[in-house]
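Notes follow once the structure below has been shown.
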Amino acid sequence: MTTPRKLFIKTYGCQMNVYDSERMAEALGASGYVTTDTPEAADMIVLNTCHIREKAAEKVYSELGRLKALKAANPDLKIGVAGCVAQAEGAEILRRQPLVDLVVGPQSYHRLPELEARARSGAKALDTDFPEEDKFDRLGGRPKAARGPTAFLTVQEGCDKFCAFCVVPYTRGAEASRPAARILDEARDLVDRGVLEITLLGQNVNAYHGEGPDGTWGLARLIRELARIKGLERLRYTTSHPNDMEDDLIAAHGDCPELMPYLHLPVQSGSDRILKAMNRKHTAEDYLALIGRIRAARPDILISGDFIVGFPGETDADFEATMALVREVRYGQCYSFKYSPRPGTPAAERDQLPEDVKSDRLARLQALLNAQQEEAQRAMVGRTVGVLFEKPGRMPGQIVGKSDHLQAVHVEAGADWLGRIARVEITATSPNSLAGRLAAG
Ligand code: SAH
Ligand code: SF4
Ligand code: F3S
């Protein structure tokens, strides 16, 4: 028997890349690869990359530089670049970094076995097509190995929104939804392997419009059908766009107990002028009204979001409008970024703000968002919530899991609780997590 080749994948960027990395490992499993956690032991290293901000993209080249020594030590080592930088830069990567053997875009990774064979034969392999065939059809069934209690499941991919700052419509292509039956099969399969919680993924997941057995299904219908799978206890979805938040999806937050009380709903800015310049096609008022309707359906829902500061043309008054919106929403968790000009996007061509202005605004916004996160955590103390335990904690005798509201919770309990959901009474809060004890009964 030949010893299997070893594959090391390093994942950057969003959850969809996490899902894609798993699927790439499965695709290469068919070529005889098993995964390893140590790059030094690998016969093939794949960087699954992100192009969203300049820093993310530059990381790839510095990581490739570090891999030089490994390639020198093992000339048979093959190095691949996958993901959104692969899609955006394609052959340029092979020119800029000759140690790369293989470049594969997010829509072509079902072709990895052929690309790997080409690279193995000594040629360079490049595939950044948006092929006609559906990669999910070509990937085949997922292996039956047991796995952890949570999983990502891509249901929709691509984006037609073209926000003026964003590369995703170019790297992931047009919006496409997977057929509902395939998603239900994949979910059942995950549950059979021990998964209790599934997070549905899409660049605009609530734009999901997949073919169902009785016509087109929206995300709410898909969620309700998934919720009927026995053993599937928790459902989440991300990332959603405010303009695709349809009535039945809002209703599902109120009447579908498996749908967890947490929603990531990015707005990017609180200034209508900037929202318009960003091509967001909604106002701050629209967003606030939407949050109101979602909270009416599920009062304890925790809202999270994304913000960009220092977008071209953003004045002090625009930035204050963002601060005002944040104060009104009261986020439970939030991500904020300095605007980063991305090649090929409209906003990159506009006059840019000085770096120190961006930095000051980011610091002020983050201070407010951190205070809100701490406030949301403090509000949990004394409450009893569901927690799905995922791993041992740093302290002996401690385990860690995520609450219904996606907050990290530490509890002193035996390892037999790992992979199970318990009721936990929250007793204390620290900046980034909660502590609690198993509730009686
Ligand atoms: N599809 C999702 C998120 C895509 S990217 C959505 O529409 O919300 C994740 C986040 O990165 C975005 O919400 C935005 O806040 C941030 N982002 C995207 N492009 C950026 C850029 N050029 N500079 C800084 N942040 C950016
Ligand atoms: Fe990017 Fe906007 Fe599409 Fe989100 S909706 S992926 S921010 S273009
Ligand atoms: Fe990054 Fe691509 Fe995701 S650019 S955020 S990895 S869709």
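The values are calculated or read from the model by the stated rules, or taken from the named source; none is laboratory data. As the structure is a prediction and not an experimental result, all values here were calculated from the model. Here Cβ is always computed from backbone atoms with ideal geometry, including for glycine, and neighbour counts include all displayed protein chains. The area values use the complete protein model at the heavy-atom level, side chains included, leaving out ligands, DNA and RNA. Shrake-Rupley method; radii C 1.70, N 1.55, O 1.52, S 1.80 Å.
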Next item on the list: Search the stretch 205-217 for residues being buried (at least 20 other Cβ atoms within 10 Å of the Cβ) and either among the hydrophobic types (A, V, I, L, M, F, W, C) or not in a helix (DSSP H, G or I) (or both), and hand back the single one that is farthest from ligand 3 (Cβ to nearest atom).
Entry: Trp217
Note to self: For the condition surrounded by fewer than 15 Cβ atoms within 10 Å (Cβ to Cβ), of a type in the set (Asp, Glu), under 29 Å from the mean Cα position of the chain (by Cα) and more than 20 Å from Gly344 (Cβ to Cβ), what is the one hit in Glu132, Glu116, Glu92?
What the structure shows: Glu132
Next item on the list: Test Gly218 against the stated conditions and say whether it is among the small types (Gly, Ala, Ser), in contact with a helix residue (DSSP H, G or I) (Cβ under 9 Å, 6 or more places away or on another chain), assigned by TED's automatic domain parsing to the domain that holds Pro179 and on the phi < 0 side of the Ramachandran plot.
Entry: yes
Item checked: Any chance Arg361 is basic (Lys, Arg) and open to solvent by 60 Å² or more (accessible area, probe 1.4 Å) -> no
Check: What about Gly173, is it on the phi > 0 side of the Ramachandran plot and more than 16 Å from ligand 3 (Cβ to nearest atom)?
Finding: no
Check: Is there a residue being in contact (Cβ under 8 Å) with a residue 60 or more places away in the chain, in a helix (DSSP H, G or I), under 30 Å from Ser403 (Cβ atoms) and in the same structural domain as Lys281 (by TED's automatic domain parsing) anywhere in the stretch 175-194?
Finding: no
Notebook entry, point to check: When the residues of the stretch 406-441 are filtered to those that are of a type in the set (Lys, Arg) and outside any loop (DSSP other than H, G, I, E, B), which remaining residue is surrounded by the most Cβ atoms within 10 Å (Cβ to Cβ)?
Noted result: Arg437
Item checked: Residues being small (Gly, Ala, Ser), closer than 20 Å to Gln407 by Cα and either within 16 Å of ligand 1 (Cβ to nearest atom) or surrounded by fewer than 20 Cβ atoms within 10 Å (Cβ to Cβ) (or both) - total across the stretch 294-337 -> 3
Item checked: Any hit, the stretch 247-260, residues being small (Gly, Ala, Ser), in contact (Cβ under 8 Å) with a residue 24 or more places away in the chain and surrounded by fewer than 21 Cβ atoms within 10 Å (Cβ to Cβ) -> yes
Checklist line | Filter result for Phe165 (under 21 Å from the mean Cα position of the chain (by Cα), part of a strand (DSSP E or B) and aromatic (Phe, Trp, Tyr)) | finding: no
